[in-house]
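S.K.: Dumping the structure here so I can ask a few things about it.
The values are calculated or read from the model by the stated rules, or taken from the named source; none is laboratory data. Owing to the predicted nature of the structure, the values given are computational and were not obtained by experimental measurement. Cβ sites come from the backbone with ideal geometry, for glycine too, and all protein chains shown count toward neighbours.
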Amino acid sequence: MENLIERYVYAVISRLPEKEQREVEKELRANIYDMLPEGADEREVENVLYKLGEPSILAEEYRQSPGYLISPRLYREYIKILKWFLPITGIVLCGVGILLGAIAAINDDIIEISKFIEKMLIRGISLGVDGVIQVLLWTTIGFVIAERTGHSGKKEKWKIADLPEVNKKDKKKIVLSETVVELVILTLAFIVLLVMNSGHLTSRVGYFISYEGMQVTQIFTAEFWQLCIRIGMFVLMVSIGECILKIKVRRWTGLVSGLAIANCLAQLGLTILIFCQKNIFSQEFIPIVQKLKENDAIKYWRLGVMGILVFAVIVTIIECGTIIYRLLRK
């Protein structure tokens, strides 16, 4: 009996602004108990709740400032649709835009990496943002029309079984918005590496630096570049799969935590593998290194590699510890 009342009250106040919830909760709970006979059973509680009506409609009656474009009755469905369609549309169209930008840069014979990437990102971001705006606009218009005409698409009568469980604070819950943003960033990065792996970017784009009159267009060897790109694509694919699993499960379960830890350890191992490679620098860049004092060059390189690896180990330990903490806390 108490569980039904709690669920009903929660279903009503969860649709109201936070500042109004406390007062409405007290009033609604008092009304329910006033309507119940002494020693009421579960059937009598259900009858009272049916008399009060559907929680979404009752929430509108309690709302102090009912000025809205989309009523609470449809608002949850509206937000639910946007949560799924906006990120998917943004990712797909942004990826298409990046590919189109890369093709346009290749056709324009752009060889400078900054301008090449700039053209890709501008095309991708503009197409992605335009698609998101279009989805937001037409979805909103559709719900407004449904709201004003009364065709909400909800024909089934409200039932007690429709009441949601009381949403207590779950410390193991994964924040959906953060995971979606992470998924968008990882997908865009994967598309960029996919373009680079095709050979257009690495073969046409130069890194222009000069030192004492010597100009270098390529710092790293093509083999080293390809290795880094393929390792990066593998890491991003695993990370994208991890994000998809997080969105599906929405909690730090053993499976999600295990995949996240395995991903962190794999990234650390692949980072170590990259810096253990030979023939990292191109033949154009080696003369610049040779002009430096040999001891200084070796010293700086070793210190740089050591610093990167130590940093990677520290970050991995922190991330794995955080994941384990999220899994074990109550």
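S.K.: Of all residues in the range 113-125 being surrounded by 15 or more Cβ atoms within 10 Å (Cβ to Cβ) and either of a type in the set (A, V, I, L, M) or not assigned by TED's automatic domain parsing to the domain that holds residue 82 (or both), which is nearest to residue 93 (Cα to Cα)?
M.R.: Among those residues, the one meeting the criterion is 125.
S.K.: Residue by residue through the range 167-197, note down the ones that are outside any helix (DSSP H, G or I) and modelled with pLDDT of 70 or more. Break it down stepwise before answering.
M.R.: Going residue by residue through the range 167-197, those that are outside any helix (DSSP H, G or I) are 167-175.
Answer for the range 167-197, where residues must be outside any helix (DSSP H, G or I) and modelled with pLDDT of 70 or more: 173, 174, 175.
S.K.: So, one more: I want to confirm something. Restricting to the range 17-64 and keeping residues that are of a type in the set (Phe, Trp, Tyr) and free of Cβ contacts under 8 Å to residues at least 60 places away in the same chain, which single residue is surrounded by the most Cβ atoms within 10 Å (Cβ to Cβ)?
M.R.: By that ranking, first place goes to 62.
S.K.: One residue is enough: does the range 68-75 have a residue meeting the conditions at pLDDT 75 or above, assigned by TED's automatic domain parsing to the domain that holds residue 134, surrounded by fewer than 18 Cβ atoms within 10 Å (Cβ to Cβ) and closer than 18 Å to residue 137 by Cβ?
M.R.: no
S.K.: In addition: Pick from 206, 128: which is at pLDDT 80 or above and either surrounded by fewer than 18 Cβ atoms within 10 Å (Cβ to Cβ) or more than 30 Å from residue 15 (Cβ to Cβ) (or both)?
M.R.: After applying the criteria, what remains is 128.
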